[in-house]
Amino acid sequence: MSFDLIVRNSTLPDGRSGLDIAVRRGKIVAVERAIAAEAARVIDAQGCLVSPPLVDVHFHMDATLSLGLPRLNLSGTLLEGIALWSELKPLVTPEAVGERALRYCDLAVSQGLLAIRSHVDICDDRLVAVDALLDVKQKIAAYIDLQLVAFPQDGYFRSHNAVKNLERALDKGVDIVGGIPHFERTMEEGARSIEVLCDIAAERGLMVDMHCDKTDDPLSRHIETLAAETQRRGLQGRVTGSHLTSMHSMDNYYVSKLLPLMAEAQVHAVANPLINIVLQGRHDTYPKRRGQTRVPEMRAVGINVAFGHDCVMDPWYSLGSADMLDVAHMALHVGQMTSREAMRYCFEAVTVNAAKIMGLEGYGLEVGCNGDLVVLQAADPIEAIRLKARRLFVVRRGKVIAESARAVTRLDLPGRPREVDAASYAPTTPTSS
């Protein structure tokens with residue numbers, strides 16, 4: 001029997017090791033020890049971690065790589081970023097948006113990032129970004145799963161023509177209903193926008209993903225409304241609240257009521273650690289709030305939490321490299337999630353948890369799943385985060401679409417080893433705590 005690909009001597013995220021993974025016709029057909037067969041290509045993982053692809057469930061591809069256009073965000077604040085994007089929007093062309101997005105997708109593939117959910121601004125009456133990213137979605141379909149969210153960046157009611165433009169974007173083929181209730185003029189209009197947008201999603205049979213309570217204001221409580229409307233319309237499991245940073249300022253008693261409501265409604269949560277830690281707490285002197293929502297507490301009550309990159313070199317964030325392990329690394333530190341179990345959860349937040357939010361079919365490393373995987377220069381998920389591990393091989397449907405040499409540094413020190421491989425410094429007997 002012959003296969004298209006065999007990855008030998010793999011370690012899986014669940015700790016199983018010494019396994020071979022065989023792929024035929026784009027699907028995983030065997031995961032077992034010492035597969036006695038030939039393949040068109042054989043990869044020796046050498047005991048390294050083999051993971052399903054990394055997933056970014058919150059991004060803004062229409063703005064990515066636009067840093068410096070038309071100017072830089074000098075204050076570094078969210079509001080200046082929004083103002084700057086409003087200056088840039090009239091100047092953008094479909095060609096420019098598409099080219100930047102495709103360049104970013106090249107970078108994403110190199111990082112083993114093969115599934116992205118991107119919010120796309122619909123407040124420009126020309127819908128330039130919508131058309132450009134729908135075209136990009138088709139062009140990259142062979143190697144990246146891209147979902148698009150109709151996002152009224154300037155407010156569903158607050159922005160001129162956003163109500164009409166959101167419907168137009170969905171009619172063109174945008175996948176998901178978005179919103180930004182905390183950016184409406186009043187709390188009442190924010191709550192009303194949630195009701196209307198959830199109605200649209202229910203009528204069209206679509207998912208919902210809202211920028212929700214991205215503020216330091218503890219009285220911004222739109223996630224409560226979103227969870228209630230999710231239940232009222234039977235949208236359980238199809239709704240995501242992204243950012244949720246007001247929760248880091250709320251009192252514990254209120255949160256003790258809020259989190260069970262979210263869990264009951266099966267609302268997913270997405271934290272964006274790199275952006276939240278940079279943009280939130282800007283009005284604070286000291287003590288200064290961290291900005292990230294309550295990830296450990298959400299996890300404890302069974303809410304599915306994922307992490308997003310959000311921005312890369314755009315009006316809001318001048319850094320970033322499409323590296324979801326960097327995102328997990330920041331989340332781990334900001335959330336003080338340093339137990340072995342919690343660190344593994346941070347890896348799940350950029351893989352399986354995010355895939356669940358996107359509803360990706362065939363995601364995983366079991367027989368019958370798509371032949372999509374990443375070989376990481378690390379011994380396990382914790383080490384992958386610690387090292388922001390090199391992606392040695394990136395595989396899509398059984399075909400290697402990116403590969404890198406192992407990261408090894410040569411030394412010239414008397415009496416010391418000639419080479420240093422950071423991955424070899426993993427603890428030999430880590431505790432389970």
- Residue-averaged [θ]222 nm for the chain, counting only DSSP H segments that reach four residues, each worth -39500 (n - 2.57): -10000 deg cm²/dmol
- Query: Between Glu32 and Thr338, what length comes free when the chain is fully extended (0.36 nm per residue of separation minus the Cα-Cα distance, one decimal in nm)?
  - Reply: 107.0 nm
- With only alpha-carbon atoms counted, please give the Rg and Dmax of the chain, in Å. 21.9, 72
- Item | All lysines inside 29 Å of Lys257 as judged from Cα atoms, apart from same-chain residues fewer than 8 positions distant | Lys214, Lys288, Lys356
- For region 188-307, the percent of all C-alpha pairs falling in each 10 Å bin, from 0 up to the bin holding the max distance, is 14, 47, 31, 7, 1
- Between Arg204 and Lys139, what FRET efficiency comes out of the Förster formula 1/(1 + (r/R0)^6) with R0 = 30 Å and r the beta carbon distance, rounded to 0.05? 0.75
- Query: Using a simple spin-label model with points 7 Å from Cα along the Cα→Cβ vector, what separation in nm is obtained for Arg289 and Ala405?
  - Reply: 4.8
- Query: So which of Lys139/Lys172; Lys137/Lys172; Lys139/Lys164 end up more than 23 Å apart, counting from Cα to Cα?
  - Reply: Lys139/Lys164
- Query: For region 1-108, which GluC sites (Glu not before Pro) are in a loop by DSSP, counting at most 12 other Cβ atoms within 10 Å?
  - Reply: none
- Percent of alpha-carbon pairs separated by more than 22 Å within region 117-269: 39
- How big is the charge dipole of region 40-89 about its Cα centre, in debye rounded to the nearest 20, if each Lys and Arg gets +1 on its Cβ and each Asp and Glu gets -1 on its Cβ? 80
- Item | Protein accessible area in region 52-101, 1.4 Å probe - carbon and sulfur % | 70
- Task: Set Lys and Arg Cβ to +1 and Asp and Glu Cβ to -1, take the dipole of region 1-61 about its Cα centre, and tell me which of Cys48, Leu19, Phe59 lies farthest positive.
- Result: Leu19
- Item | Cα-based convex hull, region 23-81, per residue volume (Å³, whole number) | 202
- Task: Find how much the distance from Val42 to Glu189 grows on full extension, using 0.36 nm per residue of separation minus their present alpha carbon separation; answer in nm with one decimal.
- Result: 47.2 nm
- Which semi-axis lengths, in whole Å and largest first, follow from the square roots of five times the eigenvalues of the Cα gyration tensor of region 49-122? 26, 14, 11
- Item | Principal-axis tilt of helix 187-204 within the chain, Cα atoms, nearest 10 degrees | 60
- Query: Once a ≥ b ≥ c are taken as the square roots of the eigenvalues of the Cα gyration tensor of region 337-433, is the result rounded (a/c under 1.5), prolate (a/b larger than b/c) or oblate (a/b not larger than b/c)?
  - Reply: oblate
- Net charge, Arg25 excluded, C-beta distance under 12 Å - Lys, Arg +1, Asp, Glu -1: +3
- Note on the structure: Probe 1.4 Å, heavy atoms of protein chains only: per residue, the accessible area of the chain in Å² is 41
- Note on the structure: Shape call for region 239-291, from the Cα gyration tensor axes a ≥ b ≥ c (a/c under 1.5 means rounded, otherwise prolate when a/b beats b/c, else oblate), comes out oblate
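The values are calculated or read from the model by the stated rules, or taken from the named source; none is laboratory data. On a predicted model such as this, the values are computed, not experimentally measured, just so you know. Here the Cβ is made from the backbone with ideal geometry for all residues, glycine too, and neighbour counts use every protein chain on show. Surface accessibility is based on the protein's heavy atoms, side chains included, excluding ligands, DNA and RNA. Shrake-Rupley method; radii C 1.70, N 1.55, O 1.52, S 1.80 Å.
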